[in-house]
1. On the basis of being modelled with pLDDT of 95 or more, within 11 Å of the ligand (Cβ to nearest atom), β-branched (Val, Ile, Thr) and surrounded by 13 or more Cβ atoms within 10 Å (Cβ to Cβ), does VAL358 make the cut?
2. Within the range 400-458, track down each residue that is of a type outside the set (D, E, K, R), open to solvent by 50 Å² or more (accessible area, probe 1.4 Å) and farther than 22 Å from ASP267 by Cα.
3. Give the residues of the range 318-349 that are buried (at least 20 other Cβ atoms within 10 Å of the Cβ) and within 9 Å of the ligand (Cβ to nearest atom), sorted by residue number.
4. Only residues that are within 16 Å of the ligand (Cβ to nearest atom) and surrounded by fewer than 16 Cβ atoms within 10 Å (Cβ to Cβ): list them for the range 377-399, please.
5. Just to be sure I understand, how many residues within the range 255-291 are of a type in the set (Asp, Glu), within 11 Å of the ligand (Cβ to nearest atom) and in a helix (DSSP H, G or I)?
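The values are calculated or read from the model by the stated rules, or taken from the named source; none is laboratory data. Bear in mind that the values here come from a model prediction, so they are computed numbers and not experimental data. Neighbour counts run over all protein chains shown; Cβ positions are idealised from the backbone, glycine included. We work out accessible area using only protein heavy atoms, side chains counted, and drop any ligands, DNA or RNA first. Shrake-Rupley method; radii C 1.70, N 1.55, O 1.52, S 1.80 Å.
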Amino acid sequence: MLLTLTATRSGPEAFPATDLGFLLHKHPGRVLVRELPFGRSTVFYPEATPESCTAALLLEVDPVALSRHTRAGEGTPLEPYVNDRPYAGGSFLAVALRDAFGTAMTGRSKERQELANTPLPLVAELPCVAARGPADLPGRLFGPLGYVVQAEPIPLDPLFPDWGERPYVRLRLAGTVRLRDLLAHLYVLLPVLDGRKHYYLDDAEVEKLLRHGSGWLDEHPEREFITRRFLRFRELVRQAEATFTPEAEDEEPAREARPRLHDERLDRVAEVLKASGAARILDLGCGEGKLLRRLLAAPQFRELVGLDVSARSLEIAAEKLHLRERPELAGRVRLLHGSLTYRDARLRGFDAAALVEVIEHLEPHRLQALTTNLFGDARPGRVVVTTPNREYNAVFGEDAGMRHADHRFEWTRAEFRAWAEGAARDHGYAVRFEDVGEVHPEYGPVTQMAVFNNTRCLI
Ligand code: SAH
């Protein structure tokens, strides 16, 4: 990824363009390399004459480092290794920008304070940035700040015109602005333009970003869109945490008054299983074993079997459940590697099965296989299924998209009902529905749950 900032001398009396070096606190004759958690950034000047001076920020993202920060289960299986993060400027570039030019962003300059306070003819160029959203988004974001904006769509692959162009553009911004403002605009708006969840973006980073919006964001005509995207980042980060961050150890008292959504979901499913009197449980798509951990605490559950298609998740589950250190658990807990899209005799004859936030990870055309295998072949006495309620996503903002990069679909209440009632009817189950988590008066619950009872089996 590359970002260049060019200053040109506006007349013979004007400042020499190389003064840009004073403003950026980077000497035009030097190359500065910095190691960041996700790669390496280099600042250098491809051109430094009194007439024109260009500072370049080159960011080389290390895909291996990135993949380490992407936990198993996040995105599609190849997502950690194959994605656009190393190539398309966006959130990472924004972080590198602040790292390289943090002092310049404060507007301080030891040698050229007056120049730092003066609007200068500057051009920022990015050969490839991610721009997700309406085609005119770059213009709508940067235009109102006084830039002449050129955003040239980049075809994904010239050999395959059908693949389309967006979401990448070559971006050029030209304007007469203070350098610090240009940097703040880029810092805040590149992630907005990108729109993808940022692996390193935590609440503190969101605060920082919003701080750099002070003074211009308030009057920006797209202010609502910009803040909505930030809130969406925040929401995504929360959800990622809720699903993937190791929780506080069980012994610790809950630190939050309101349990996080995912905990709430898991607690509710555990309660339903408990109340059913079931003793032998399947946790299908068990992930890192969060439900199993809860169930282990209750002696009622004599046999717990977790199944997941992701071997990595099972390894993490084994670690978190301390299976190696606690050999006495061997008779009670087992982890199986397998896929719900294949019939699996190991899953037959259980009292109950839970699928917590799993079905939406399957391609819709595979769901039928899961339904038949589960209800027709494994045939547990009870089945508890949770899945997002798509209607509720409106609360996250209309461009919010799906809640997780790996979700293949998210259902409305009616869609979920239709699937569940169909499955129950076809296979001799009775089904009831329950809201989980916050309930919006119009959009319904954040999570929907179905509880199936095998009418041909009494436990
Ligand atoms: N139930 C867990 C994890 C939910 S994430 C929890 O609530 O914390 C969804 C899980 O489904 C992931 O671990 C993913 O690997 C698993 N999964 C996706 N497709 C699957 C399939 N076909 N068979 C089994 N597991 C699958």
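1. Yes: the conditions hold for VAL358.
2. MET402, ALA405, ALA414, ALA418, PRO441, TYR443, THR455, LEU458
3. The one that is buried (at least 20 other Cβ atoms within 10 Å of the Cβ) and within 9 Å of the ligand (Cβ to nearest atom): LEU340.
4. ASP377
5. Total meeting the criteria: 1.
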